[in-house]
Amino acid sequence: FLPGTKFEFTDWRTPAVIDTEAFEIATQTESSVTFKHNAKLVNYSGAEFDLGIERTVKLLSSGEVSKLLGVELGGGLSIVAYETDNKVSNVGESAWKPETGLLSIWILGMYNPSPATTVVIPFKQGEEKKLGPRVNDSYFGKIPTDYLKIEDDRLFFRGDGTRRGKLGVSPQRSLGIAGSYDAAGQVLNIVTYNVQEAPDGFVNSMWELQKEPYMGDAINSYNDGSPEPGKPPLGPFYELETSSPAAALKPGETMRHVQRTFHIHGSEEELNKLSKDLLNTSIDDIKAAF
C-alpha cells in the first residue's frame, strides 16, 4: 500500500518489480535458471529500499526429492518438483531498520482449486501462553467452520477457490512444511522451506496499522473468492505460501529464503504413506475433513 492509501482492495497494488518488470537471466542450465534485478521500493511509511534480487529456479530429480524429504519414493509415483532459491540484498547506503519498516521474502505458490482439494498444515502442539494461537484466521474475516477445521496439531482448509479466506501459522508453531491433497486427481502437494533464526521477527501482513508489525506468520494459505461484493474471484486459485524472517539488512547484507514444491501423483496407497510421513495425516483423514 502506498503512503496515504486505505487498507482496502481498491488501493492494493503489486509493485511492478515483482509483477511486470523483466529480470536479467544471469545463468542458465538444462535444469535451472538464475534471474537478477535491482529495484527501489517505498513502503506505507514512506521508507525507501534499494534492493538487489536474485532468484534461482531449479528442477529437482527424483533422487533429490527423496533425499530432501527423507522418504522412499514408490515406483508408481509421478513427480514434478522444483526449488526456488531467493535472495534480497540491501544495495543502498542506509540500513533497513524495524522502526521504519522491513521487507521479507514472501513466496506464493498458486494452484488450481477444486471441490476435492484440502490444504493440510501440521503444527507444533503446546499452550497458547508459550506458542501463541494455533492458527491466525482473521486476515480477511474469520473463516467459517465448513472451510476450516483446527485440531491440536494440524489444520484442514478448503482449497476450492470459491470463498475468500486466508490463514497463517506462526514461526513458533511452524514445522517447516505444508501440503494439500486433490482427491479427484490423486495429487499430493508438499511445500517446505528453510527454517532459520529470526532476530527481527516476521513481517505481519495483516491489512491494518499494527501494534506488532513483526509478529507475522511463517506459513500461510489462501483460498480465492470474491474480494468484494459483486466482484469476481481473482483467479480462482488457492495458495500455499512461506515467508523469510524480516530483513533488517545493513548495506551489502543479504537475506535468503529457499522454498521447495513437490507435486506427487499416484495411487492413494502410495500417497497415504507419504502423507502420513510428511504431514502426520492419512489420506482418509484429509478426505473426511469436510
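Quick note: the coordinates plus some simple rules give every number you see, no bench work behind them. These figures come from a predicted structure and were not determined experimentally. Every residue, glycine among them, receives a Cβ derived from its backbone with ideal geometry; neighbour counts consider all protein chains shown.
Worth pointing out:
- All other residues whose Cβ lies under 14 angstrom from that of Lys250 are scored, Lys and Arg at +1 and Asp and Glu at -1, for a net of -3.
- Summarising the amide proton neighbourhood of Arg154: residues at separation of 5 or more, or on other chains, whose placed amide H is nearer than 5 Å comprise Phe123.
- Restriction of the chymotrypsin sites (Phe, Trp or Tyr not before Pro) in the range 190-262 to DSSP coil positions whose beta-carbon has at most 16 other beta-carbons within 10 angstrom yields Trp207.
- Note on the range 36-113: Cα-Cα pairs beyond 16 Å make up 65% of the total pair count.
- Reduced Cα scattering model of the range 182-267, Debye log10 I(q)/I(0), q = 0.12, 0.13, 0.25 Å⁻¹: -0.56, -0.64, -1.23
- Sparse-neighbour loop sites [GluC sites (Glu not before Pro); the range 186-290; at most 11 other C-beta within 10 Å; DSSP]: Glu197, Glu208
- Kirkwood hydrodynamic radius of the range 135-290, from inverse mean 1/r over distinct Cα pairs, in Å: 16.9 Å
- Formal net charge of residues neighbouring Asp182 (Cβ-Cβ distance under 13 Å; K, R +1; D, E -1): 0
- Sparse packing (at most 16 other Cβ atoms within 10 Å of the Cβ) combined with a DSSP loop state is found for none of the trypsin sites (Lys or Arg not before Pro) in the range 33-80.
- Taking only the C-alpha atoms of the range 1-154, the Rg (one decimal) and the largest Cα-Cα distance, Dmax (whole number), read 20.2, 56 Å.
- Rg over Rh [alpha-carbon atoms, Kirkwood Rh] for the range 9-287: 0.96
- Remark: the range 1-65 is approximated by an ellipsoid whose semi-axes, taken from the C-alpha gyration tensor as √(5λ), come to 33, 15, 10 Å, largest first.
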